[in-house]
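Please treat every number below as a calculation from the coordinates, not as lab data. This is a predicted model, so every value here is computed, not measured. Here the Cβ is made from the backbone with ideal geometry for all residues, glycine too, and neighbour counts use every protein chain on show.
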Amino acid sequence: MAVATDGRLEQKSSGTVRYVGSPGMNALARDLAVGIPVQTGSTVTAVEPTSAGGERRWTVSVAAVAAATAANAGTTTTDEGPFDAVILAAPPPQWLPLVTEITSFHAAVQPVTFLPTWAAMIAPTDPLPIDADGLFIHDPVLSWAARNSSKPGRETPPAWVLHSNPAWAAGREEMAPEEVLPEMIDAFQRATGVKIANPEYAVAHRWRYSRAEPALGVAAFWDGELGIGACGDWCAGSRIEGAYLSGVAVAERVAERIAES
Ligand SMILES: Cc1cc2nc3c(=O)[nH]c(=O)nc-3n(C[C@H](O)[C@H](O)[C@H](O)COP(=O)(O)OP(=O)(O)OC[C@H]3O[C@@H](n4cnc5c(N)ncnc54)[C@H](O)[C@@H]3O)c2cc1C
């Protein structure tokens, strides 16, 4: 690990253990999901209270992604359930419009806004002469860079992942990837002092809900009366650890509910 500032690299050994998914970052989620029915490629379009056998339950409307983007959008939406409990595991701006009942946590999550981040993947033609696999970057444009090809299991040519500063990305979230990319590459070169000549490829990807502002500092939300909860990295920390701990926190509330029933 090193710190890159104005073309200078300073080695930094914090002793912090860092974990990497292998062969890709999504291996962690895939492994946790083994044996659990998971329906991917679908968009939840509504989460509505329903009554089944005199008990309060939830119905979840789901549209296949392909159908939702086609001209006949909506015609293949199916209602799933009824469910005893629902967990909203996405940033609030993505689920607030879908939940038709006001929960006990609506008021707490409504003020949360998000800073975006632009992430870029750059594959230089030759390995870059940088003596570190991860860089904290002191620059108005970038905050972090990692040599992706150094991660275990990556059968890829030399490639670096760059993360922008959220403050720089704010106001640029509607720009096209090809508009932000040159500034990110310039910043990387400025901070490291290393030139990226004719990269094999370079792509930028917007990460709209990158960091919750203000940080909530709450493990997760649970409305025991309605049987609905919310979790995610926006609750207690905008990283994988925060997402995991938040998911465990709300899962414990659901487990308690099952044990009581
Ligand atoms: C490029 C990049 C690099 C990162 N690198 C790191 C790193 O090195 N270390 C680290 O700790 N963290 C990293 N992160 C952050 C990490 O990925 C997040 O903190 C984590 O994924 C958050 O998990 P989550 O479950 O809270 O939310 P998400 O992963 O955002 O999951 C929410 C899911 O809900 C889905 N969704 C939303 N609305 C609907 C709907 N209506 N219907 C169906 N599905 C819906 C979304 O598509 C998404 O899949 C990185 C993120 C990005 C983008």
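Here the Karplus relation 6.51 cos²θ - 1.76 cosθ + 1.60, evaluated at θ = phi - 60°, turns the backbone of region 204-211 into coupling constants of 10, 9, 7, 10, 5, 9, 7, 9 Hz, with x for every Gly and Pro.
Students often check this: by mean Cβ neighbours within 10 Å, which of 224-230, 120-126 ranks highest, and how do the rest follow?
Details: 224-230: 19.7, 120-126: 17.1.
Put in order of decreasing packing, that is 224-230, 120-126.
Pairwise Cα separations in region 127-248 fall into 10 Å bins from 0 onward with the following percentages, short to long: 11, 34, 31, 16, 6, 1.
Note: relative contact order over the chain, using C-alpha pairs below 8 Å and six or more positions apart, is 21 percent. Under the simplified labelling scheme, the T45-R154 pair shows an inter-label distance of 3.9 nm, with each label point 7 Å from Cα along Cα→Cβ.
About its Cα centre, how strong a charge dipole does region 1-113 have in debye, to the nearest 20, once Lys and Arg get +1 and Asp and Glu get -1 at the Cβ?
Values: 6 positive and 9 negative charges, 83 e Å.
Computed charge dipole of region 1-113: roughly 400 debye.
Which angle between 0 and 90 degrees, to the nearest 10, do you get for helix 240-260 versus the longest principal axis of the chain when only C-alpha atoms count? Approximately 20 degrees, to the nearest 10. Modelled spin labels at S22 and V218, positioned 7 Å past Cα toward Cβ, are 3.9 nm from each other.
Quick one: net charge around R239, please, counting Lys, Arg +1 and Asp, Glu -1 for every other residue with C-beta under 10 Å from its C-beta.
-1
Do any GluC sites (Glu not before Pro) in region 158-218 lie in a DSSP loop with no more than 13 other beta carbon atoms within 10 Å, and if so, which? If you can, show how the numbers build up before the last one.
Numbers: sites: E173, E174, E178, E179, E183, E200; in loops: E173, E174, E200.
Loop-located and lightly packed - E174, E200.
Let a ≥ b ≥ c be the square roots of the eigenvalues of the Cα gyration tensor of the chain; is it rounded (a/c under 1.5), or, if not, prolate (a/b larger than b/c) or oblate? Prolate.
Under a model in which nothing but the beta-carbon of Lys, Arg (+1) and Asp, Glu (-1) is charged, the chain shows a dipole of about 480 debye around its Cα centre.
Label-to-label distance for E225 and M175 is 4.7 nm, based on points extended 7 Å past Cα in the beta-carbon direction.
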